[in-house]
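Written below as structure tokens is the structure these notes are about.
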Amino acid sequence: MNKTALITGASRGIGRAMAKTFAAAGYDLVLTCLRHMEELEALGHELECAHAVDCRCFAADAGDWEAVAALFSHIRRLDVLINNAGIAHMGLLQDMTPEQWRRIMATHLDGCFYTSKYAIPLMLAQGGGHILNISSVWGNVGASMEVAYSAAKGGVNSFTRALAKELAPSRIQVNAIACGVIDTDMNRCLSEEEMETLRLEIPADRLGAPQEVAALALQLTQSPGYLTGQVITLDGGFI
């Protein structure tokens, strides 16, 4: 029986790359997105044909408790949970509305709680598993004009470390990847000049590729059981 991985926010960017990587490794997939179901379903069909795996696609808001509960009503086995769904917000904190703040927190931090709450019993039933949270270097050090995003990712990092301690006796590993500047649609709000300035600040002299995040994610699911509670930075030496 193939192992099963749930990847949230899988229609584009890092999530899409991870879906391809895990399908190639023989995983059956449960993929979610919020708005791009047509793209997600096309991806699922492509992966089923290419790798002979089962791929189920769902429209689900990771930051909505009822949506996540409904999603898990369709899942009977889960080996890997990847909390990847994310949104960006740039601007002065004083100009941010409470609704915008709440949306950032719900998507990034609440979503980790909702999915983990339902994933843990499934993993306990089979004697172990992996929870992987996609975080950001801004969760480590903070970013001007991205206070809410930084705060949410900082929360994800603490969530990761604490939950890892809670679940270590049950052989469920919990880790996070703190991404640097990755070449995805999330950065399309920046001008070419701003992107070039960022690139010049990165010792690797380039943006990261979604495929690199996906490769590290797969490696973490194959890591020794003693590796848990870690927030691993993948940023080309940026921070």
Is at least one residue of the stretch 81-103 in contact with a helix residue (DSSP H, G or I) (Cβ under 7 Å, 6 or more places away or on another chain), aromatic (Phe, Trp, Tyr) and farther than 28 Å from Gly128 by Cα? yes
The stretch 91-143: number of residues that are surrounded by fewer than 23 Cβ atoms within 10 Å (Cβ to Cβ) and not in a helix (DSSP H, G or I): 10
When both residues are 6+ apart or on different chains and their Cβ atoms are under 6 Å apart, which pairs have a first residue that lies in the stretch 201-221 and is under 14 Å from Ala25 (Cα atoms), and a second that is of a type in the set (S, T, N, Q) and open to solvent by 30 Å² or more (accessible area, probe 1.4 Å)? Ala214/Thr21; Leu218/Thr21
Condition test on Leu29, is it in a strand (DSSP E or B), under 13 Å from the mean Cα position of the chain (by Cα) and surrounded by 14 or more Cβ atoms within 10 Å (Cβ to Cβ)? no
In this structure, is Ala88 part of a helix (DSSP H, G or I), touching a residue at least 12 places away in the same chain (Cβ under 8 Å) and either loosely packed, with under 14 Cβ neighbours inside 10 Å or within 15 Å of the chain's Cα centre (by Cα) (or both)? no
Going through the stretch 55-70 one residue at a time, which ones are open to solvent by 10 Å² or more (accessible area, probe 1.4 Å) and either closer than 15 Å to Pro121 by Cα or at pLDDT below 95 (or both)? Ala69
So how many residues does the stretch 171-208 have that are of a type in the set (Val, Ile, Thr) and either at positive phi or open to solvent by 90 Å² or more (accessible area, probe 1.4 Å) (or both)? 0
Every pair of residues 6+ apart whose Cβ atoms lie under 8 Å, when the first sits in the stretch 95-121 and is touching a residue at least 24 places away in the same chain (Cβ under 8 Å) while the second is open to solvent by 80 Å² or more (accessible area, probe 1.4 Å): Asp110/Trp65; Tyr114/Trp65
Is there a residue in the stretch 148-166 that is at pLDDT below 95 and among the hydrophobic types (A, V, I, L, M, F, W, C)? no
Given the options Leu81, Leu109, Leu34, Leu93, name the one that is closer than 20 Å to Lys153 by Cα and over 18 Å from the mean Cα position of the chain (by Cα). Leu93
Out of curiosity, is Thr160 surrounded by 19 or more Cβ atoms within 10 Å (Cβ to Cβ) and part of a loop (DSSP other than H, G, I, E, B)? no
Top-ranked residue of the stretch 226-239 - restricted to ones that are touching a residue at least 60 places away in the same chain (Cβ under 8 Å) and either open to solvent by less than 60 Å² (accessible area, probe 1.4 Å) or under 13 Å from the mean Cα position of the chain (by Cα) (or both), ranked as farthest from Leu198 (Cα to Cα): Thr228
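The values are calculated or read from the model by the stated rules, or taken from the named source; none is laboratory data. Computed from a prediction, not measured in an experiment: that's the story for all the values here. So basically every Cβ, Gly included, is an ideal-geometry build from the backbone, and we count neighbours across all protein chains shown. The protein model used for the area step is the full one, side chains on, heavy atoms only, and it has no ligands, DNA or RNA in it. Shrake-Rupley method; radii C 1.70, N 1.55, O 1.52, S 1.80 Å.
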